[in-house]
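Visitor: Okay, here's the structure, questions in a sec.
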Amino acid sequence: MTELWVKNACVIDPLRGINGEIMDIAIRDGRIVESVSDRADVIDAQRCLTLPGGIDSHTHVSGTKVNFGRYMSPEDMRAGRTKRKGKMHVTSGYYVPTTFGNSYRYSAMGYTTLLEGAMAPLEARHTHEEFTATPHQDMMANTLFDGNWAVMDAVREKDVRKTAAVVAWTLKAARGYGIKLTNPGGTEAWGFGEDLTGIHEMVPHFAVSPAEIITTMIRANELLKLPHSVHLHCNNLGKPGNYQTTLETFDIVPDLNPDRQTLYATHVQFHAYGGGTWKNISSKAEEITRSINSKPQIVMDMGQIMFGRTMTMTADGPMEFNLHCLHHNKWSNHDVELETGSGIIPVTYSKKSAVNCIMWAIGLELALLTKNPYQCLLETDNPNGAPFVKYPEIIGLLMSKRYRDEECATLANGVEQRTSLCALERELDWHDIAVMTRAGQAKALGIVNQGKGHLGIGAEADIAIYPIRTDSVDPAREYRKVVEGFQKTRYTIKRGRVVSRDGDIIVDGANATFWVDAMVPEDLKMENDPEFIKRFEQFYTVRMSNYPVQDVYLPRGRRIETEVFT
Amino acid sequence: MIIHDVICPFCGCLCDDLELETEGGKIIKVQNGCALAESTFMTDTRLPAPIRRTETGWEEISYNEAIKETAEILQGADRPLLYGWSSTHGEAQSVGVHIAELIGAVIDNTSTVCHGPSILAIQEVGHPGCTLGQVKNRADVIIYWGCNPIEAHPRHMSRYTTYATGFFVPDAQRERTVIVVDTRRTDTAGIADEFVQIEHGGDYAVLSALRAIVRGKASVIPAKVAGVSKEQLIRIAEICKRAKFGAIFFGLGLTMSRGKYKNIRNAIELTDELNRHTKFVISPLRGHGNVYGSNEVFTWMTGYPFAVDFARGIAFYNPGETTAVDILRRGECDAALIVASDPGANFPRAAAAHLAKIPTVVIDPHMNATTALARIHIPCTAAGIDAAGTAYRMDGVPIRLKKVIDRGYPDDAEILKKIYDRLNGGKGP
């Protein structure tokens, strides 16, 4: 039995309605309990800001394309390297760090749970291998279905139950957590070098539209009672004028679940552009947030960009190729048979570029114009908009109008007219930030009842104690202190153990991987469906029996079983 | 007993549809495999126990003794090299990286003498590729450049390209155009619709000419480029531009001939250019079954696919300096651990000769040419035969190798963990 007593903590725990109370937290064997014995280890939080462990609900840290981002970028590996130190392994890389680099740096910032944003089922084993080497966070993987042939066939037949059955089989085979759609239909079109330009355009050869894929998958998702909603990267990412596609997409989302959103729209900054060319691109954050504010069934994340060098990586292969044609730097592409695509290119977001400045402004506008912080979560689509180590700066910008004004003064000419950022007075408070970095994520991912995102009795004891005294820091003026405070916790506690102290990892990690085993009626089991098996054996290049990820790849797997539907 | 869907660990194709018949702990029949697969599963030249060189020959020693002495050799070295890794599973590779980090060693894999230059090119310009199923289901144009899959990857064409029935290519033989580019008329050239014979060292020029033609600058091309007629070059460029989906596969004939990584860079840039007209992909034909896995494991752990030097405490990468051949040739290395590969047979003479001068330990299921240079040889399981583990196919698809028989040998990952424990005062990685 191990016990820990955290006393004098200034707790913000939005899911339990606690906002800045000085409290003690008792922990036994990794969970929060009523009280502990007097033999417990004691941490005096000294009235510092204490939050549930941070949760990133959309980040790219593990798997085929992330590793290829490293593989092709020795220049980045040299940009961030640390020696072996105590329990810490060597790390390399700044915007695509090695797995240990990701894990240590997230932990230093108080993050204890991560959702990998995109995993191709065929390559799931790779993602899980890297999860094991990312030891200080609990992991889960969005599973890509955007160009899945069996799904598109079922969608074309308007068969929600069959769609659900394919999803259930694939999630189990990939040990995945939820449904991810990246440029639905577009990644299949990219198989022959094409893309789709709207949600009602037909996917070549499959006779389904993105709108049909999205709505059918939403219904399948709810039929299966998956903890998370459909997680969507909209069509037309990064194109001037794409806000229309985004709004059209939002308009077809029903409200089907009383406990959480019905659609998670990711990195919406990249989908909120007005204009028609790169010359007249403008912010449509107001239109997007007007839609969000009237649709409780949608949660989005910011997809904030920050200035500097980074790597873009996504399953959206055609988008990456378009971007490559603009940047003329190196380009990698990796399409995955019967499933999805992917692309990688390095980029530099520059203050000299009006387009980049507008993108930067849009992300902040989205957060400031969304009324309910549970509907706009703080992310950069790491590393696409910026490496996650930039989150503290984003927090600073959201909490301080002065900081934003100072930054705005350094931007390219003409940006002010094309965004409304400079006119926004709103400054988020500590509670808003706690929602946007953990409580909101836990709710959106459906992991509150797994003990994540809050500090209630029975919750997993994942806790971040930041060296910030909320009663003596004025974030509007002293935003530097806010940024520094969120960069390095005093303590990060993972399942009741102090794993990181003042930025250094002090123990070996023991993360868990959450995955969903969705139950389907006996007659819908794809492993018994002769047509499914036949097509699998004909068109995949691995045998169906060799496809599912074996349990050995999830040494601490946490299986979430859903109720069977009828 | 019949075991289905067995993965052949020999080459980067990782064919996973073999059928093995075993009897009394022995494999007696291999079905669906190529000749290479058959010899992989049927030939076994394993030592019964670890051996150590004596003044007059060899003596058998216990595993404990062999592990202890290996740890001592590594501990006492100033510039140890851990080399090989490409024929074992990721689990062993991962322990290898941990050992290298712990003792400040150089760790390198067989990419250093095969597709290392391809990796350098990718690091400059990227890699437009895909999984092999994309090629199988879509490609109507296949180019084999500087490689001879009929001999080196015998089932590549039947499983993934020329003869494979694909969703959009139901009549593969009729619907696919196969172009073979090589300096000599290989067996593979014999089945090509177009064979392009290039003069030795002329690949770079031919790639440049094709790029120019694809860009609409055919007028600058002379009548012959490295022995290839302008007419043929224009014809090839047209076939490529009109393809619905084209796939280039290349081998060491392109990677290791004059121009080296510049050739690959040029080929990738040709692929990039063709993507402005249609869909095109390019991929190296990787040799060892899990060489790509060693690149993957090294990369997520250290940031670099091969040639990683931990001597400075951080991970440092500078091919040409931190590559195994160079460290040996400079005489810099003072102890070597060779795992799952055979540098004695594949390295340049000077590099191999240095292995014989320093204490070299081999951990490999089979005796090989490196054994002859070594001080100790520790036999172990063979990944995919009597050990399960992860391997990455040449296109990055991870597959779990199966254990099909038990021969009572320890897994190399277990041997390596014990070495790590000794080096780390009893604590695991």
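The values are calculated or read from the model by the stated rules, or taken from the named source; none is laboratory data. Note that the coordinates shown come from a computational prediction; the quantities given were computed from them, not determined experimentally. Please note: Cβ atoms are built from the backbone with ideal geometry, for glycine as well, and neighbour counts cover all protein chains shown. In case anyone asks, the SASA skips ligands and DNA or RNA and just uses the protein heavy atoms, side chains included. Shrake-Rupley method; radii C 1.70, N 1.55, O 1.52, S 1.80 Å.
Visitor: Grab the Cα-Cα distance for residue A:225 and residue A:558, subtract it from 0.36 nm times how many residues apart they are, and report the gain in nm with one decimal. Let's see the in-between values first.
Guide: Numbers: separation 333, 0.36 × 333 = 119.88 nm, distance 1.72 nm.
So the chain would gain 118.2 nm between residue A:225 and residue A:558.
Visitor: Could you grab the Rg to Rh ratio for the range A:75-226? Cα atoms only, Kirkwood for Rh.
Guide: On the way: Rg = 18.7 Å, Rh = 17.2 Å.
Reported Rg/Rh, Kirkwood definition of Rh: 1.09.
Visitor: In addition: Residues of B:312-318, mean number of Cβ from any other protein chain within 10 Å of their own Cβ, rounded to a whole number?
Guide: Values: counts 3, 6, 9, 12, 5, 4, 1.
The mean count of partner-chain Cβ atoms within 10 Å per residue comes to 6.
Visitor: Something else now. Which three extents, in whole angstrom, do the alpha-carbon atoms of the range A:527-566 cover along their principal axes, largest first?
Guide: Principal-axis extents of the Cα atoms in the range A:527-566, largest first: 34, 31, 11 Å.
Visitor: Let me ask something else about it. How long are the three semi-axes of the equivalent ellipsoid of the range B:312-429, in whole Å, if each is the root of 5 times an eigenvalue of the C-alpha gyration tensor, listed from largest down? Don't skip to the end; give the middle numbers.
Guide: Values: eigenvalues 131, 64, 62 Å².
So the three semi-axes of the range B:312-429 are 26, 18, 18 Å.
Visitor: Dipole size in debye (nearest 20) for the range B:159-268 around its Cα centre, Lys and Arg Cβ +1, Asp and Glu Cβ -1?
Guide: On the way: 18 positive and 10 negative charges, 94 e Å.
Here the size comes out at about 460 debye.
Visitor: Take each of the peptides B:355-362, B:168-175, average the number of other beta-carbon atoms within 10 Å over its residues, and list them starting from the highest. Before the final figure, lay out the partial values.
Guide: Values: B:355-362: 21.5, B:168-175: 13.2.
In descending order of packing, they fall as B:355-362, B:168-175.
Visitor: To the nearest 20 debye, what charge dipole does the range A:491-566 have about its Cα centre, counting +1 at the Cβ of each Lys and Arg and -1 at the Cβ of each Asp and Glu?
Guide: Computed about the Cα centre, the dipole is about 420 debye.
Visitor: Could you compute how fast the protein assembly as shown diffuses translationally, taking Rh as the Kirkwood radius over C-alpha pairs and applying Stokes-Einstein at 37 °C with viscosity 0.692 mPa s? Give it in µm² per second.
Guide: Details: Rh = 29.2 Å.
It comes out at roughly 112 µm²/s.
Visitor: Diagonalise the Cα gyration tensor of the range A:260-343 and give the resulting equivalent ellipsoid semi-axes, square root of 5 times each eigenvalue, largest first, whole Å. Don't jump to the answer; show the numbers that get you there.
Guide: On the way: eigenvalues 136, 73, 27 Å².
Value: 26, 19, 12 Å, ordered largest first.
Visitor: If the convex hull of the alpha-carbon atoms of chain B is projected onto planes in all directions, what is the mean projected area in square nanometres? Please list the in-between numbers first.
Guide: Working: hull surface 84.2 nm².
Mean shadow area of the hull around the Cα atoms is 21.0 nm².
Visitor: Calculate the mean, over all residues of peptide A:123-132, of how many other protein chain Cβ atoms lie within 10 angstrom of the residue's Cβ.
Guide: On the way: counts 6, 1, 7, 9, 1, 2, 10, 4, 0, 1.
If you average over the peptide's residues, the count of other-chain Cβ atoms is 4.
Visitor: Run the numbers for residue A:29 and residue A:2: contour at 0.36 nm per residue of separation, minus the present Cα-Cα distance, in nm. Let's see the in-between values first.
Guide: On the way: separation 27, 0.36 × 27 = 9.72 nm, distance 0.53 nm.
Additional length available on full extension: 9.2 nm.
Visitor: What order, most packed first, do the peptides B:14-27, A:230-243 have when packing is the mean number of other Cβ atoms within 10 Å of each residue? Walk me through the numbers on the way to the answer.
Guide: Working: B:14-27: 17.7, A:230-243: 25.4.
By packing density, highest mean first, the sequence is A:230-243, B:14-27.
Visitor: As I understand it, the dipole of the range B:189-309 uses +1 on the Cβ of Lys and Arg and -1 on the Cβ of Asp and Glu, about the Cα centre. Which of B:214, B:301, B:267 lies farthest toward its positive end?
Guide: Positive-most Cα among the choices belongs to B:214.
Visitor: Can you work out D for the range A:468-562 in µm² s⁻¹ from Stokes-Einstein, where Rh is the Kirkwood radius over C-alpha pairs, the temperature is 10 °C and the viscosity is 1.306 mPa s?
Guide: Details: Rh = 18.6 Å.
In µm²/s, the coefficient is 85.
Visitor: Given N residues in the range B:209-309, what is its alpha carbon radius of gyration divided by 2.2 N^0.38 Å? Write down the numbers at each step before the final one.
Guide: Details: Rg = 16.6 Å, N = 101, 2.2 N^0.38 = 12.7 Å.
Compactness ratio reported: 1.30.
Visitor: Okay, moving on. From the gyration tensor of the Cα coordinates in the range B:1-105, what semi-axes in whole Å does the equivalent ellipsoid have, largest first, with each one equal to sqrt(5λ)?
Guide: 34, 20, 11
Visitor: Please give the residues of the range A:519-560, grouped as numeric ranges, whose backbone N is less than 16 Å from a label point set 7 Å along the Cα-to-Cβ vector of residue A:449.
Guide: Counting backbone N atoms under 16 Å from the label point, the list is A:519, A:559-560.
Visitor: Give a quick list of trypsin sites (Lys or Arg not before Pro) in the range A:241-284 that DSSP marks as loop, anything other than H, G, I, E or B, with at most 15 other Cβ atoms within 10 Å.
Guide: Working: sites: A:260, A:279, A:284; in loops: A:260, A:279, A:284.
Sites meeting the loop and neighbour criteria: A:279.
Visitor: Given 20 Å bins starting at zero, what is the percent of C-alpha pairs of chain A in each, up to the one with the largest pair distance?
Guide: P(r) for chain A, in whole percents per bin: 23, 58, 19, 0.
Visitor: Sticking with this one: Hey, any idea what Rg/Rh is for the range A:6-70, computing Rh the Kirkwood way over Cα pairs? Walk me through the numbers before you get to the answer.
Guide: Working: Rg = 17.0 Å, Rh = 14.4 Å.
Result: Rg/Rh = 1.18.
Visitor: Per DSSP H run of n ≥ 4, the term is -39500 (n - 2.57); total these for the protein assembly as shown, divide by its residue number, and report the mean residue ellipticity at 222 nm rounded to 500 deg cm²/dmol. Walk me through the numbers before you get to the answer.
Guide: On the way: 37 runs with 325 residues, N = 995.
Result for the protein assembly as shown, helices only: -9000 deg cm²/dmol.
Visitor: If I model a spin label at residue B:311 and residue B:407 as a point 7 Å from the Cα along the Cα→Cβ vector, what separation in nanometres do I get?
Guide: 3.7
Visitor: Tell me, what is the FRET efficiency for residue A:517 and residue B:78 to the nearest 0.05, using R0 = 56 angstrom and their Cβ-Cβ distance as r?
Guide: Working: r = 52 Å, r/R0 = 0.93.
The computed FRET efficiency comes out at 0.60.
Visitor: Another one. Over the Cα atoms of the range B:354-406, what radius of gyration and what Dmax do you get, in Å?
Guide: 14.4, 39
Visitor: Where the centroid of each part is defined by its Cα atoms, how far is the range B:191-209 from the range B:344-369 in Å?
Guide: 35
Visitor: Using a 1.4 Å probe, what is the accessible area per residue for chain A, in Å²?
Guide: Details: 17740 Å² over 566 residues.
Accessible surface, normalised per residue, equals 31 Å².
Visitor: A further question follows. For residue B:258 and residue B:194, calculate 0.36 nm times their separation in residues minus their Cα-Cα distance, and state this gained length in nm to one decimal. Please list the in-between numbers first.
Guide: Details: separation 64, 0.36 × 64 = 23.04 nm, distance 2.34 nm.
Between residue B:258 and residue B:194, full extension yields an extra 20.7 nm.
Visitor: Still on this structure, I have one more. Along the charge dipole of chain A, which of A:319, A:441, A:400 sits closest to the positive end, that is, farthest toward it, with unit charges on the beta carbon of Lys, Arg, Asp and Glu (+1, +1, -1, -1)?
Guide: Ranked along the dipole, the leading option is A:400.
Visitor: Hey, what do the phi angles of the range A:380-396 turn into as Karplus ³J(HN,Hα) couplings, whole Hz, using 6.51/-1.76/1.60 and θ = phi - 60°, x for Gly and Pro?
Guide: Along the range A:380-396, the couplings run 10, 6, 2, x, 4, x, 4, x, 4, 5, 8, 3, x, 5, 5, 4, x Hz.
Visitor: Give me the base-10 log of I(q)/I(0) for the range A:317-448 at each q in 0.12, 0.13, 0.22 Å⁻¹, Debye formula, one uniform scatterer per Cα, rounded to two decimals.
Guide: Debye intensities relative to I(0), on a log10 scale: -0.59, -0.68, -1.27.
Visitor: Return the whole-Å distance between the Cα centroid of the range A:332-381 and the Cα centroid of the range A:102-135.
Guide: Result: 20 Å between the Cα centres.
Visitor: Percent of alpha carbon pairs in the range B:282-345 separated by more than 15 Å? Present the calculation step by step, with values, prior to reporting the outcome.
Guide: Numbers: 1244 of 2016 pairs.
Cα-Cα pairs of the range B:282-345 separated by over 15 Å account for 62 percent.
Visitor: On to the next question. Hey, any idea what % of chain B's accessible area is carbon plus sulfur with a 1.4 Å probe?
Guide: Numbers: 7190 of 14870 Å².
Ligands and nucleic acids excluded, carbon and sulfur give 48 percent.
Visitor: Per-residue HN-Hα couplings for the range A:78-83, Karplus 6.51 cos²θ - 1.76 cosθ + 1.60 at θ = phi - 60°, whole Hz, x for Gly and Pro?
Guide: After applying 6.51 cos²θ - 1.76 cosθ + 1.60, I find 6, 6, x, 9, 10, 7 Hz.
Visitor: If a/c stays under 1.5 just call it rounded; otherwise compare a/b with b/c (prolate if a/b is bigger, oblate if not). Do that for the range A:47-125, with a ≥ b ≥ c from the square roots of the Cα gyration tensor eigenvalues. Write out the running numbers ahead of the final one.
Guide: Working: a/c = 2.28, a/b = 1.19, b/c = 1.92.
Oblate, because a/c is 1.5 or more while a/b does not exceed b/c.
Visitor: To continue, here is another question. At a probe size of 1.4 Å, how large is the accessible area of residue A:10, to the nearest 10 Å²?
Guide: My reading of the accessible area for residue A:10 is about 10 Å².
Visitor: Still on this structure, I have one more. Convex hull over the Cα atoms of the range A:375-495, averaged projected area in nm²?
Guide: On the way: hull surface 35.2 nm².
The orientation-averaged projected area of the Cα hull of the range A:375-495 comes to 8.8 nm².
Visitor: Please check which bits of the range B:326-369 a label hung off residue B:55 would reach, taking the label as a point 7 Å along Cα-to-C-beta and the cut-off as backbone N under 16 Å.
Guide: From the range B:326-369, the list is empty.
Visitor: Under a point spin-label approximation (7 Å from Cα along Cα-to-Cβ), what is the residue A:287-residue B:29 distance to one decimal in nm?
Guide: According to this spin-label approximation, the distance is 6.8 nm.
Visitor: Note down the magnitude of the dipole of the protein assembly as shown about its Cα centre, charges +1 on Lys and Arg C-beta and -1 on Asp and Glu C-beta and zero elsewhere, to the nearest 20 debye. Don't jump to the answer; show the numbers that get you there.
Guide: Details: 108 positive and 119 negative charges, 385 e Å.
Result for the protein assembly as shown is approximately 1840 debye, rounded to the nearest 20.
Visitor: Here is a further query. Taking each residue of A:87-94 in turn, how many C-beta atoms of other protein chains fall within 10 Å of its C-beta, and what is the average?
Guide: Values: counts 0, 0, 8, 13, 5, 10, 4, 0.
Averaged over the peptide's residues, the number is 5.
Visitor: Now for a separate question. Give me the mean projected area, in nm² to one decimal, of the convex hull enclosing the Cα positions of the range B:47-87.
Guide: On the way: hull surface 16.5 nm².
About 4.1 nm², averaged over all directions.
Visitor: If N is the number of residues in the range A:150-252, what value comes out of its Cα radius of gyration divided by 2.2 N^0.38 Å? Intermediate values should be presented prior to the final figure.
Guide: Working: Rg = 13.3 Å, N = 103, 2.2 N^0.38 = 12.8 Å.
Compared with the compact-globule rule of thumb, the range A:150-252 sits at 1.04.
Visitor: Enter the buried accessible area of the B/A pair, total of both sides, probe 1.4 Å, in Å² rounded to the nearest 100. Present the calculation step by step, with values, prior to reporting the outcome.
Guide: On the way: alone 17560 and 20370 Å², together 32610 Å².
It comes to approximately 5300 Å² buried between B and A.
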